[in-house]
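Student: Below is a structure I'd like to ask you about.
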Amino acid sequence: MKVIEIQRPGGPEVLRIVERHRPQASAGEVLIRVVAAGVNRPDVQQRRGLYPSPPGASDIPGLDIAGLVETIGPGVKTLKVGMPVCALVNGGGYAEYCMAPAVQCMPIPRGLNFIEGASLPEVFFTAWNNLIWLARLSEGETLLIQGGTSGVGMAGIQIARHLRRAVVFATAGSLEKREVCLAIGAKAAVDYRVSWDEEIRMLTDGAGVDVILDAQAGPNTQRQLDLLKVDGRLVFIASHEGETAEVNIRSLVRRRLTLTGSTLRPRPADYKGRLARELVTHVWPLIEDGRIKTRIHQAVPFHQVKDAHAILDENRQIGKVVLVVDPAIAATVPEPYQPF
């Protein structure tokens with residue numbers, strides 16, 4: 001099978017297509033014939049040498065895929081050969097075939113094609129894990145999402161609005177991106193290159209917010225803690241602006257703030273399987289009736305993977321970039337199966 005591997009840490013030029021043996025399905029796993037694969041920020045960080053694969057995971061990048069079940073490993077009862085699925089995987093998505101734990105496979109929501117299906121798993125798993133499970137976002141709370149037009153940001157805005165009736169604020173670096181944030185449910189969107197924290201204070205009449213979701217960290221950490229209400233929660237999903245920060249612990253203790261973070265990739269399959277079931281139960285119906293939308297920035301042919309990574313390197317994307325592995329059926333809409 002053809003796969004995309006990383007020759008060495010570096011820019012998009014280090015990605016190359018090579019031939020490898022097709023993997024075999026082990027107990028609890030399925031082999032998926034990949035039709036489309038999402039391109040995500042963790043793939044870029046892995047390419048740069050900053051986000052190594054966890055032990056036992058494939059060195060091939062790619063964390064979410066859509067395709068057809070090719071073979072089934074021992075013990076798998078919920079899937080059949082030929083079923084169309086989208087799945088969160090631990091690596092290996094940039095390939096013609098990819099292994100996935102069966103519990104991390106989900107039906108492609110009704111009405112979506114394979115390209116759209118591949119855009120869902122990584123961002124919705126991440127948004128749900130961090131906003132609903134870790135941040136404990138509650139009904140009617142206020143939320144700030146830093147980077148509102150990233151895949152996770154767009155998923156988070158819509159989950160918060162439709163499932164928690166939260167008041168959502170977002171940051172984004174261009175007028176076009178801020179308008180997209182407003183269109184999908186943010187109450188306001190501000191430019192992160194200016195005094196975004198002061199703008200959020202004004203928009204909340206000085207009250208601040210209950211929850212912040214951020215991927216930058218570094219020098220912005222204390223500014224974000226200062227913006228939280230009492231009992232507020234700051235959740236990091238990455239640290240692109242710096243892996244360390246100086247914070248006021250006395251203020252954190254006095255105001256009962258929570259500072260936390262997560263990486264989903266090393267989590268065991270049963271943890272991710274519970275996330276998958278909650279997404280299919282709570283989010284997939286809203287995708288199917290159009291209340292929650294996925295936005296495809298660009299579908300890029302498999303052999304042009306360097307161009308796909310360049311889009312993320314230059315921060316040009318609004319929504320998801322997706323690699324098209326099998327163009328013959330990538331745009332077709334499959335019939336969903338009954339999950340679990």
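Student: Quick one: 3J(HN,Hα) in Hz for the range 80-87, Karplus 6.51/-1.76/1.60 with θ = phi - 60°, rounded, Gly and Pro as x.
Tutor: Result, rounded to whole Hz: 10, 4, x, 5, x, 9, 10, 8.
Student: Of Leu234, Val180, Gly148, whose Cα points farthest to the positive end of the dipole of the chain (charges on the beta-carbon: +1 Lys, Arg; -1 Asp, Glu; origin at the Cα centre)?
Tutor: Positive-most Cα among the choices belongs to Leu234.
Student: Moving on to the next point. Determine the distance separating the Cα centre of the range 219-250 from the Cα centre of the range 256-334; give it in Å without decimals.
Tutor: What the calculation gives is 26 Å, centre to centre.
Student: I would also like to ask the following. Pull up all non-local amide H partners of Glu29: gap of 5 or more, or a different chain, and H-to-H distance under 5 Å with H placed in the peptide plane.
Tutor: For Glu29, whose amide H was placed from the backbone, the distant partners under 5 Å are Gly73, Ala102.
Student: What size of dipole, in debye to the nearest 20, comes out for the chain about its Cα centre when the only charges are +1 on Lys and Arg C-beta atoms and -1 on Asp and Glu C-beta atoms?
Tutor: Computed about the Cα centre, the dipole is about 540 debye.
Student: Turning to a different aspect of this structure: Could you give me the ³J(HN,Hα) list for the range 228-241, computed from phi with Karplus coefficients 6.51, -1.76, 1.60 and θ = phi - 60°, whole Hz, x at Gly and Pro?
Tutor: After applying 6.51 cos²θ - 1.76 cosθ + 1.60, I find 7, 6, 4, 6, x, 10, 10, 10, 9, 10, 6, 9, 5, 9 Hz.
Student: Quick one: Karplus J couplings for the range 194-200, per residue in order, coefficients 6.51, -1.76, 1.60, θ = phi - 60°, nearest Hz, x for Gly and Pro?
Tutor: Karplus-based 3J(HN,Hα) across the range 194-200 equals 10, 7, 4, 5, 5, 5, 5 Hz.
Student: Among 153-162, 222-231, what's the highest-first ranking by average C-beta atoms within 10 angstrom per residue? Could you put the intermediate results ahead of the total?
Tutor: Details: 153-162: 25.6, 222-231: 17.1.
Ranking the peptides 153-162, 222-231 by packing returns 153-162, 222-231.
Student: Oh, and also: Could you work out [θ]222 nm for the chain from helices alone, using -39500 (n - 2.57) per DSSP H run of at least four and dividing by all its residues? Round to the nearest 500 deg cm²/dmol.
Tutor: That calculation yields -7000 deg cm²/dmol at 222 nm.
Student: How charged is the neighbourhood of Glu179? Take every other residue with its Cβ under 14 Å from the Cβ of Glu179, and add Lys/Arg as +1 and Asp/Glu as -1.
Tutor: Local net charge: +2.
Student: Met1 to Asp289: FRET efficiency via 1/(1 + (r/R0)^6), r the Cβ-Cβ distance, R0 35 Å, to the nearest 0.05?
Tutor: Efficiency at R0 = 35 Å is approximately 0.45.
Student: Still on this structure, please answer the following. Please give the charge dipole size of the range 192-257, origin at the Cα centre, charges +1 on K and R Cβ atoms and -1 on D and E Cβ atoms. Round to the nearest 20 debye. Display every interim value, and only then the final one.
Tutor: On the way: 9 positive and 11 negative charges, 60 e Å.
Computed about the Cα centre, the dipole is about 300 debye.
Student: Would you work out which of Leu120, Trp196, Ala269 lies farthest towards the positive end of the dipole of the chain? Charges go on Cβ: Lys and Arg +1, Asp and Glu -1.
Tutor: Ala269
Student: Note down the relative contact order for the range 1-86 as a percent, whole number, built from C-alpha pairs under 8 angstrom at least six residues apart.
Tutor: About 32 percent, as a whole number.
Student: Further question: Highest mean first, how do 100-109, 74-83, 128-137 rank when packing is the count of other Cβ atoms within 10 Å averaged over residues?
Tutor: Going by the mean number of other Cβ atoms within 10 Å, highest first, we get 100-109, 128-137, 74-83.
Student: For the pairs Lys272/Lys306; Lys80/Lys177; Lys80/Lys306, note any where the Cα-Cα span goes beyond 31 Å. Don't skip to the end; give the middle numbers.
Tutor: Values: Lys272/Lys306 29 Å; Lys80/Lys177 41 Å; Lys80/Lys306 34 Å.
Checking Cα-Cα distances, Lys80/Lys177; Lys80/Lys306 exceed 31 Å.
Student: Starting with the highest mean, order 19-32, 169-182 by the number of other Cβ atoms within 10 Å, averaged over the residues of each peptide.
Tutor: Numbers: 19-32: 16.4, 169-182: 20.0.
Going by the mean number of other Cβ atoms within 10 Å, highest first, we get 169-182, 19-32.
Student: Antiparallel as a % of all DSSP beta bridges within the chain, to the nearest 5?
Tutor: The antiparallel fraction comes to roughly 55 percent.
Bear in mind that the values in this text are calculations on the coordinates, not laboratory data. This is a predicted model, so every value here is computed, not measured. Here Cβ is always computed from backbone atoms with ideal geometry, including for glycine, and neighbour counts include all displayed protein chains.
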